[in-house]
Amino acid sequence: MAGHSAQVDNSTLWGGKESPFQTSYGKLMMWFFLVSDALTFGGLLIAYGSTRHATLEAWPIGEETFNSLPFLGHGYPLLYVALMTFILIVSSVTMVLAVEAGHRMDKNGVVKWMIATIIGGFFFVGSQAWEWYHFIHGSEFGKIELADGSQAIVRGHFGEIQNFTVVTPGHHHKKGDVIKTDLMHEFQHAAEKGNLKDGMIKLHDGSIAKVNKAADEHMELIIKKKGKINKVGSKIEGKKAEEMYYASLYSGQNNRVIYGANLEQNEYGPQQYAQFFFFITGFHGFHVFSGVVINIIILIGVMMGIYHKRGHYEMVEKTGLYWHFVDLVWVFVFTFFYLV
Amino acid sequence: MERDDVIEYSLHGHHDEEQGKKIRKKIWFVTALLTAITVVEVLMGAYIKQSSDIWPMVKWSFIIMTLFKAGYIVMVFMHLGDEKKTLRNIILIPYFIFVLYLIFIALWEALAVSDALQLNAF
């Protein structure tokens, strides 16, 4: 076959001068890395989708699961995650402006926009930490198993617990003691362990106290797993909902209520949902964090004038590619975890 | 030894202030577009219930809007639209072939699993 190559003249043959992609080695390798990383995320999201398709239980609904804002409490469906998305889009914009400034050899411009990008990145990572905190701790009502074996999530305003009044003394508390600290935590812990019965709470030291609690408002039960009577998706409101909820909560049986999500239990729906949520948003958050670190390193390089001396700011362009990729992944995570 | 036959592609991105103005204008336009799409998505997600009749349509419009956003991020922010066609193709075509295949096979399989579970449940 050697005869063939001799027939190709030099103008057709790639003589090592011009690259077929007309781009530098570093940028090309960054693109290849991003393709492989995109395959990883693609695989994870497709696994999530296939699990969702294979599960018979009702899948959590984004606007019901994520509806809190910092300092303002519940009742704001999807607003927080929309804010997070906006922060990440804006930081992507500041990054592309840094790249543009680099193309004009405007060092001050690059520094300015990169600092803005890094601040946006920190905001996003912080927001994600808050989102996780909320997801792990769960709602004030929790997911409740009703008398017929069905499971329901609860909407509404949880009436504040004012205090516990000790009725039967234990190791630490005397009769008539009024406990005013750590109420919610004690209450939820007792509910999970089956230590709530007929309006009474059994505390850690063995004493029994009366729960003084304001009335709940606008309570609504949404059935997520069918029982003997209730069907998936049906809703129970008002007085009837309260009676059913408290019959279970004060039943004195353990595991009737679940608060929040971790790797063993999940208030919001099937267990796999929590696993995927932690893994995919965690893996993405890790990418954001490493992106911020890389951006800081490159920013230091820019400030030291390394790239200016080199004659081009391609390093900024390459980290920019990575940063935009992180934004790109979030666009998909946002759709498939929160919207669809 | 310095080689004078090597092309420094890293310098190709350079442009002057005049072109920069145009590029920045495009960047802000895309920003506004991405923000607007996100706002529409959130409003639809918050106000249209999954139990409503138009939900399947809403779901598909989410996916289309997402692909739209992704396209703008890749083509404008990541400058893939400005690269050579061969580079663009070698990145996008293999990826799409593989991912579409994976989506097809994973979801098809998952539906079969859910059918089997449903049969077992009764």
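Each value in this text was obtained by applying a stated rule to the coordinates, not by laboratory testing. Predicted model only: the values in this text are computed from it and were never measured. Neighbour counts are summed over all protein chains in view; Cβ atoms, including those assigned to glycine, are modelled from backbone coordinates with ideal geometry.
Within region A:34-141, which chymotrypsin sites (Phe, Trp or Tyr not before Pro) sit in a loop by DSSP and count at most 15 neighbouring Cβ atoms inside 10 Å? List each step's numbers first, then the result.
On the way: sites: A:Phe41, A:Tyr48, A:Phe66, A:Phe71, A:Tyr80, A:Phe86, A:Trp113, A:Phe122, A:Phe123, A:Phe124, A:Trp130, A:Trp132, A:Tyr133, A:Phe135, A:Phe141; in loops: A:Phe66, A:Phe71, A:Phe141.
Of the chymotrypsin sites (Phe, Trp or Tyr not before Pro), the ones in loops of region A:34-141 whose Cβ has at most 15 other Cβ atoms within 10 Å are A:Phe71.
On a 23 Å Cα-Cα criterion, which of the cross-link pairs A:Lys197/A:Lys235; A:Lys27/B:Lys85; A:Lys210/A:Lys235 come out too long?
Table pairs above 23 Å Cα-Cα are A:Lys197/A:Lys235; A:Lys210/A:Lys235.
Using a 10 Å cut-off around each Cβ of peptide A:77-89, what is the average number of partner chain Cβ atoms that fall inside?
So the per-residue partner count for this stretch is 3.
Run the quick spin-label model on B:Ala70 and B:Leu11: label points 7 Å from Cα toward the beta carbon, then report their separation in nm to one decimal.
Output for this residue pair reads 3.8 nm.
For the protein assembly as shown, with only Lys/Arg (+1) and Asp/Glu (-1) charged at the beta-carbon, what is the dipole magnitude about the Cα centre, in debye rounded to 20?
The calculated dipole for the protein assembly as shown is roughly 420 debye.
If packing is taken as the average number of other Cβ atoms within 10 Å across a peptide's residues, how do A:234-245, A:155-166 rank, most packed first?
Numbers: A:234-245: 15.2, A:155-166: 17.2.
Final packing ranking: A:155-166, A:234-245.
Rounded to whole Hz and in sequence order, give me ³J(HN,Hα) for region A:265-276 from the Karplus expression 6.51 cos²θ - 1.76 cosθ + 1.60, θ = phi - 60°, writing x for Gly and Pro.
Those phi angles translate into 9, 9, 4, 7, x, x, 4, 4, 4, 5, 4, 5 Hz.
For an R0 of 35 angstrom, estimate the FRET efficiency from the Cβ-Cβ distance between A:Ile300 and A:Phe86 and round to the nearest 0.05. Mind dumping the intermediate values first?
Numbers: r = 28 Å, r/R0 = 0.80.
So the FRET efficiency works out to roughly 0.80.
When the helix-only estimate is applied to chain B (DSSP H runs of n ≥ 4, each -39,500 (n - 2.57), divided by the residue count), what is the mean residue ellipticity at 222 nm, nearest 500 deg cm²/dmol?
Mean residue ellipticity, 222 nm, calculated: -25500 deg cm²/dmol.
Using alpha carbons only, how many angstrom separate the centre of region A:118-196 from the centre of region B:82-104?
If you average the Cα positions of each part, the centres end up 48 Å apart.
Starting from 0 in steps of 10 Å, tell me what percent of the Cα-Cα pairs of chain A lands in each bin.
Pair shares across the bins are 5, 20, 22, 18, 14, 10, 6, 3, 1, 1, 0.
For region B:30-39, what does the Karplus curve 6.51 cos²θ - 1.76 cosθ + 1.60, with θ = phi - 60°, yield as ³J(HN,Hα) per residue in whole Hz, taken in order and with x for Gly and Pro?
Each residue of region B:30-39 in turn: 5, 4, 4, 5, 4, 5, 4, 4, 4, 4 Hz.
Applying the Karplus parametrisation 6.51 cos²θ - 1.76 cosθ + 1.60 with θ = phi - 60° to the phi angles of region A:329-340, what ³J(HN,Hα) value in whole Hz is obtained for each residue in order, glycine and proline being reported as x?
Along region A:329-340, the couplings run 4, 4, 4, 6, 4, 4, 5, 7, 8, 10, 9, 6 Hz.
For region A:200-340, go through all pairs of different Cα atoms, get the mean of 1/r, take its inverse, and jot down that Kirkwood value in Å.
20.4 Å
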